[in-house]
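The next block holds one structure in the form of structure tokens; read it before the comments.
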Amino acid sequence: MSAPLLAVRDLKVHFQVRSGGLLFADYVPLKAVDGVSFDLAAGETLGIVGESGCGKSTLGRAVLQLLPVTAGSVAWLGGDLTALDKKELKARRQDMQIIFQDPLASLDPRMTAGDIIAEPVRNFHSGMSGAAIKAGVQEMMAQVGLLPGMVNRYPHEFSGGQCQRIGIARAMILGPKLVVCDEPVSALDVSIRAQVINLLMDLQQAYGLAMLFISHDLSVVRHISHRVMVLYLGRVMEIADRDALFKAARHPYTQALMTAVPIPDPDKERAKPRVAVGVDLPSPLNPPSGCVFRTRCPKATQVCADVVPPLESAGPGHEVACHHWRD
Amino acid sequence: MNAPVLDIKNLIVRFATNDGEVAAVSDLSLSIGKGECLGIVGESGSGKSQTFLAVMGLLARNGSVSGEAIYGGVNLLTAGERALNELRGNALTMVFQDPMTSLTPHMKVGRQLTEVLIRHRGVDKTTARNEAVAMLKRVQIPEAERRFDMYPHELSGGLRQRVMVAMALLCGPALIIADEPTTALDVTVQAQILDLIRRAKDELDTAVVLITHDLGVVAGLADRVAVMYGGRLVEIGEVHQIFRAPQHPYTQGLLACTPRLDDPATATLVTIPGQPPNLQNLPSGCSYHPRCPYVMDRCRVERPVLTPGVSGGLKACHLDALVQGAA
């Protein structure tokens with residue numbers, strides 16, 4: 001693999017949550033992301049999966065410095081983003097973009113599609129002529145499958161899938177090197193979802209984009225990712241190449257997630273074995289000692305309560321944080 | 001099939017809007033047998049939810065309905081509010097998508113549950129409490145007595161949806177209408193909720209209508225599947241037939257554009273081109289014709305009616321037989 005575009009090391013994002021106290025509030029830390037490390041190369045997609053509250057969106061935003069990072073480093077082409085001041089960071093931002101889950105809510109309702117897509121260009125290339133911007137917008141719209149006649153329409157005149165195409169065009173127009181996709185297809189209908197997935201994969205191919213693809217949907221993540229990271233309560237449970245992970249998941253949590261995904265085939269779906277896990281996510285304000293997953297884990301033993309399992313190698317490029325992955 | 005629990009005939013649902021009248025459901029007929037699970041599949045705007053809101057007398061105020069929905073010899077569409085109140089929550093129950101907005105936020109879970117029993121079965125408070133707690137245990141809510149005295153916001157999404165299922169089961173209903181019951185839930189929780197519904201169906205012989213956009217969920221639970229598009233039924237058949245040999249190009253397209261965990265990952269997903277139809281401006285002839293790969297001249301002018309397909313079931317398509325595995 002070539003030198004990584006992005007190298008995240010021991011990233012922590014802790015929020016202070018007020019827990020009572022009348023005059024002098026007491027605060028407890030909520031460890032939304034707690035010691036996450038990974039590399040991302042150009043042209044590579046890292047899928048980030050986990051259930052709600054696992055910290056996957058927080059991680060995506062922290063990488064882009066949209067949230068204050070508590071500790072750790074985010075190295076972009078060798079330079080640490082967390083050490084940059086506002087001005088330097090702004091200059092970097094044209095390389096890094098984000099696509100959000102709710103396509104309508106992430107577009108300004110009072111701006112036309114054309115203005116929305118042109119806004120990043122106006123922000124970063126203030127000297128550019130109106131005609132050049134217009135040409136760029138038209139070209140980008142064609143690439144994401146929007147018709148030229150739609151340029152003066154407002155977001156509410158578009159369907160969900162088209163709004164998401166506008167969001168993608170806005171993210172792509174500056175020619176970014178990294179795009180964080182935060183549940184970009186979760187709000188879309190089945191037939192539109194496939195169109196948007198294909199569009200994202202085509203754009204990645206065409207521009208050699210690095211993508212962080214955040215999703216709760218394992219089927220989609222498997223389709224689009226080269227590598228996959230599984231998060232639980234802010235910690236990495238398992239990270240591996242796509243095929244290795246989906247053929248031989250080592251972590252009981254990954255296994256539980258995978259066997260819980262319904263398969264659109266009546267015979268397979270009814271016959272498949274399931275790794276059952278406990279019902280409820282523990283409070284992230286008071287995570288379990290040792291392995292955070294142990295309260296729901298079918299394999300948990302005393303050592304899981306006493307010792308935090310480190311990420312261990314379970315094969316080439318395959319790391320797993322479990323005391324019992326060999327069992 | 002045994003005698004139907006619910007028999008819907010020629011159901012039409014219309015909404016009066018500022019832009020004129022919109023037909024959300026057009027001429028829909030189907031029936032649900034005792035202990036049967038009927039999956040209703042379709043994208044947003046297909047009419048899948050409105051069909052059953054109409055049956056339950058829960059349409060928005062600008063909605064009007066015609067046709068028949070016979071339950072126990074009574075046409076629910078003309079039965080009137082008083083008769084419906086005797087049936088709703090008793091013999092006919094619903095589980096909605098979002099458990100936070102479908103539970104009353106200022107009432108303890110226990111009161112919301114016992115209300116159903118006191119209202120419909122006339123039992124006293126103590127009996128109601130005992131039965132309600134027993135039902136909470138039955139849907140595997142840990143510490144059921146303690147949860148009984150909690151408010152909905154104190155429960156996680158998964159527990160809230162269990163409360164909804166418990167409420168739907170309390171009076172031993174003949175039919176449960178589950179409208180996207182697991183769409184807001186994480187996959188591991190989804191699997192548990194679907195297990196509960198499956199158990200109710202198997203052990204209590206309850207009929208279930210499962211409305212969802214997720215073909216995997218349908219594959220695991222449904223006995224028969226109805227596919228809706230643009231407010232009409234386009235295909236209905238036994239679950240294996242629908243998944244193995246779909247007779248309508250739309251069903252075939254939906255299956256093909258769903259990424260799945262059991263398939264070898266493919267480079268590009270098959271897509272259905274275009275957008276779901278706008279109900280205010282439905283295409284002529286077959287509503288699906290602008291997106292259909294098999295479109296013929298006839299499809300643009302003549303709307304197909306439901307006819308028996310070669311592999312069983314009914315389909316509304318002018319093609320005599322669909323080539324399998326072609327999409």
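The values are calculated or read from the model by the stated rules, or taken from the named source; none is laboratory data. No experiment lies behind these values; they were computed from the predicted model shown. Using ideal geometry, Cβ is built from the backbone for each residue, glycine included, and neighbour counts are taken over all protein chains shown. Surface accessibility is based on the protein's heavy atoms, side chains included, excluding ligands, DNA and RNA. Shrake-Rupley method; radii C 1.70, N 1.55, O 1.52, S 1.80 Å.
So which residues in segment B:237-265 are at the interface with chain A (Cβ under 7 Å from one of its Cβ atoms) and not hydroxyl-bearing (Ser, Thr, Tyr), if there are any at all?
Going residue by residue through segment B:237-265, those that are at the interface with chain A (Cβ under 7 Å from one of its Cβ atoms) are B:239-240, B:243, B:253-255, B:257-262, B:265.
If the condition is that a residue be at the interface with chain A (Cβ under 7 Å from one of its Cβ atoms) and not hydroxyl-bearing (Ser, Thr, Tyr), then B:VAL239, B:HIS240, B:PHE243, B:GLY253, B:LEU254, B:LEU255, B:CYS257, B:PRO259, B:ARG260, B:LEU261, B:ASP262, B:ALA265 are the ones that fit.
B:TYR229 - would you say it is out of contact with any strand residue (DSSP E or B) (no Cβ under 8 Å at 6 or more places or on another chain) and within 11 Å of chain A (Cβ to nearest Cβ)? Write out each step before concluding.
Numbers: out of contact with any strand residue (DSSP E or B) (no Cβ under 8 Å at 6 or more places or on another chain): yes; within 11 Å of chain A (Cβ to nearest Cβ): yes.
Yes; evaluated as a whole, the condition is true for this residue.
Any idea which of B:THR93, B:THR78 is open to solvent by less than 10 Å² (accessible area, probe 1.4 Å), among the polar types (S, T, N, Q) and outside the structural domain of B:VAL305 (by TED's automatic domain parsing)? If you could, list the steps in order and put the result at the bottom.
Working: B:THR78 fails: open to solvent by less than 10 Å² (accessible area, probe 1.4 Å).
One residue alone meets the criteria, B:THR93.
Looking at segment A:278-297 only, could you name the residues that are farther than 19 Å from A:LEU30 by Cβ and aliphatic (A, V, I, L, M)?
A:VAL279
Looking at (1) away from every other protein chain (no Cβ under 13 Å); (2) over 17 Å from the mean Cα position of the chain (by Cα); (3) crowded, with 23+ Cβ neighbours inside 10 Å, can you tell me which one B:ARG199 breaks?
(3)
When you scan segment A:102-111, do you find a residue that is at pLDDT 90 or above, surrounded by 13 or more Cβ atoms within 10 Å (Cβ to Cβ) and in contact with a Phe, Trp or Tyr (Cβ under 7 Å, 6 or more places away or on another chain), even just one?
yes
Matching residues to (1) within 11 Å of chain B (Cβ to nearest Cβ); (2) within 17 Å of B:GLN275 (Cβ to Cβ); (3) under 16 Å from the mean Cα position of the chain (by Cα); (4) of a type outside the set (Asp, Glu):
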residue	(1), (2), (3), (4)
A:GLN162	yes, yes, no, yes
A:ILE173	no, no, no, yes
A:LEU178	no, no, yes, yes
A:ASP182	no, no, yes, no
A:ALA194	yes, yes, no, yes
A:MET201	yes, no, yes, yes
A:ALA206	no, no, no, yes
A:LEU212	no, no, yes, yes
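Within segment B:48-59, can you find the residues that are assigned to a loop (DSSP other than H, G, I, E, B) and out of contact with any helix residue (DSSP H, G or I) (no Cβ under 8 Å at 6 or more places or on another chain)? Lay out the reasoning, then the answer.
Just the residues of segment B:48-59 that are assigned to a loop (DSSP other than H, G, I, E, B), to begin with: B:56-59.
Within segment B:48-59, B:LEU58 is the sole residue that qualifies.
Just to check your reading of the model, which residue among A:LEU30, A:LEU59 is under 28 Å from A:LEU257 (Cβ atoms), outside any loop (DSSP other than H, G, I, E, B) and in contact with a His (Cβ under 9 Å, 6 or more places away or on another chain)?
Just one listed residue meets the conditions, A:LEU30.
Restricting the search to segment B:266-290, which residues are over 21 Å from the mean Cα position of the chain (by Cα), facing chain A (nearest Cβ under 8 Å) and open to solvent by less than 50 Å² (accessible area, probe 1.4 Å)?
The answer is B:LEU269, B:ILE272.
Of the residues A:VAL228, A:VAL303, only one is open to solvent by 30 Å² or more (accessible area, probe 1.4 Å) and of a type in the set (A, V, I, L, M, F, W, C); which? Even if it seems obvious, please write down each step before you answer.
Values: A:VAL228 fails: open to solvent by 30 Å² or more (accessible area, probe 1.4 Å).
After ruling out the rest, the residue left standing is A:VAL303.
State all residues of segment A:306-327 that are open to solvent by 50 Å² or more (accessible area, probe 1.4 Å), aliphatic (A, V, I, L, M) and under 14 Å from A:TYR253 (Cβ atoms); if no residue qualifies, say none.
Passing the criteria: only A:LEU311.
What number of residues within segment B:82-115 are under 22 Å from the mean Cα position of the chain (by Cα) and either acidic (Asp, Glu) or more than 16 Å from B:ARG147 (Cβ to Cβ) (or both)? Quick ask: steps written out before the conclusion?
Just the residues of segment B:82-115 that are under 22 Å from the mean Cα position of the chain (by Cα), to begin with: B:84-103.
Now restrict to residues that are either acidic (Asp, Glu) or more than 16 Å from B:ARG147 (Cβ to Cβ) (or both): B:84-98, B:101-102.
The total comes to 17.
If you take the residues of segment B:15-35 that are within 15 Å of the chain's Cα centre (by Cα) and open to solvent by 20 Å² or more (accessible area, probe 1.4 Å), which of them is farthest from the other protein chains (Cβ to nearest Cβ)?
Selected residue: B:SER29.
Consider A:GLY55 carefully, then state whether it is closer than 23 Å to A:GLN97 by Cα and either open to solvent by less than 30 Å² (accessible area, probe 1.4 Å) or within 16 Å of the chain's Cα centre (by Cα) (or both). Show your work before the answer.
Details: closer than 23 Å to A:GLN97 by Cα: yes; either open to solvent by less than 30 Å² (accessible area, probe 1.4 Å) or within 16 Å of the chain's Cα centre (by Cα) (or both): yes.
Spelling it out, A:GLY55 is indeed closer than 23 Å to A:GLN97 by Cα and either open to solvent by less than 30 Å² (accessible area, probe 1.4 Å) or within 16 Å of the chain's Cα centre (by Cα) (or both).
Output yes when any residue across segment A:251-266 is open to solvent by less than 50 Å² (accessible area, probe 1.4 Å), at positive phi and more than 13 Å from chain B (Cβ to nearest Cβ), and no when none is.
No; the residues of segment A:251-266 include none that is open to solvent by less than 50 Å² (accessible area, probe 1.4 Å), at positive phi and more than 13 Å from chain B (Cβ to nearest Cβ).
Hey, among the residues in segment A:156-202 that are in contact (Cβ under 8 Å) with a residue 24 or more places away in the chain and charged (D, E, K, R), which one's nearest to A:TRP76 (Cα to Cα)?
Among those that are in contact (Cβ under 8 Å) with a residue 24 or more places away in the chain and charged (D, E, K, R), it is A:LYS177.
Looking at A:VAL221 and the list (1) among the β-branched types (Val, Ile, Thr); (2) within 27 Å of B:ALA219 (Cβ to Cβ); (3) in a loop (DSSP other than H, G, I, E, B); (4) touching a residue at least 12 places away in the same chain (Cβ under 8 Å), which single condition is not satisfied?
Evaluating A:VAL221 over (1) among the β-branched types (Val, Ile, Thr); (2) within 27 Å of B:ALA219 (Cβ to Cβ); (3) in a loop (DSSP other than H, G, I, E, B); (4) touching a residue at least 12 places away in the same chain (Cβ under 8 Å) leaves (3) as the failure.
Could you identify the single residue in B:VAL217, B:VAL234, B:VAL165 that is within 14 Å of another protein chain (Cβ to nearest Cβ) and not in a helix (DSSP H, G or I)? I'd like the intermediate steps shown before the answer.
Details: B:VAL217 fails: not in a helix (DSSP H, G or I); B:VAL165 fails: not in a helix (DSSP H, G or I).
From the options B:VAL217, B:VAL234, B:VAL165, the qualifying one is B:VAL234.
On the given criteria, is A:GLU157 at pLDDT below 95 and touching a strand residue (DSSP E or B) at 6+ places or on another chain (Cβ under 7 Å)? Steps first, please.
Working: at pLDDT below 95: yes; touching a strand residue (DSSP E or B) at 6+ places or on another chain (Cβ under 7 Å): no.
When the stated conditions are applied, A:GLU157 does not pass them.
Let me spell it out: the conditions are (1) away from chain A (no Cβ under 14 Å); (2) open to solvent by 30 Å² or more (accessible area, probe 1.4 Å); (3) under 18 Å from the mean Cα position of the chain (by Cα), and B:ILE176 meets all of them except one. Which number is the exception?
Failing condition for B:ILE176: (2).
Report, by residue number, each residue of segment A:279-327 that is more than 26 Å from the chain's Cα centre (by Cα) and of a type in the set (Gly, Ala, Ser).
The first filter runs over segment A:279-327 and keeps only residues more than 26 Å from the chain's Cα centre (by Cα), leaving A:289, A:298-307, A:323-324, A:326-327.
Listed by number, the residues that qualify are A:SER289, A:ALA300, A:ALA305.
Step by step: first the residues of segment A:234-249, then only those that are crowded, with 23+ Cβ neighbours inside 10 Å and not in a strand (DSSP E or B), then the one that is farthest from the other protein chains (Cβ to nearest Cβ). Which residue is that? Lay out the reasoning, then the answer.
In the first step, residues of segment A:234-249 are kept if they are crowded, with 23+ Cβ neighbours inside 10 Å; the result is A:234-240, A:245, A:249.
Restricting the remaining residues to those that are not in a strand (DSSP E or B) gives A:234, A:245, A:249.
Working: A:GLY234: 16, A:LEU245: 11, A:ALA249: 11 Å.
The selected residue is A:GLY234.
Among the residues of segment B:237-257, write down those that are open to solvent by 20 Å² or more (accessible area, probe 1.4 Å) and either in a strand (DSSP E or B) or among the acidic types (Asp, Glu) (or both).
Once the filter is applied, which keeps residues that are open to solvent by 20 Å² or more (accessible area, probe 1.4 Å) and either in a strand (DSSP E or B) or among the acidic types (Asp, Glu) (or both), segment B:237-257 yields only B:GLU238.
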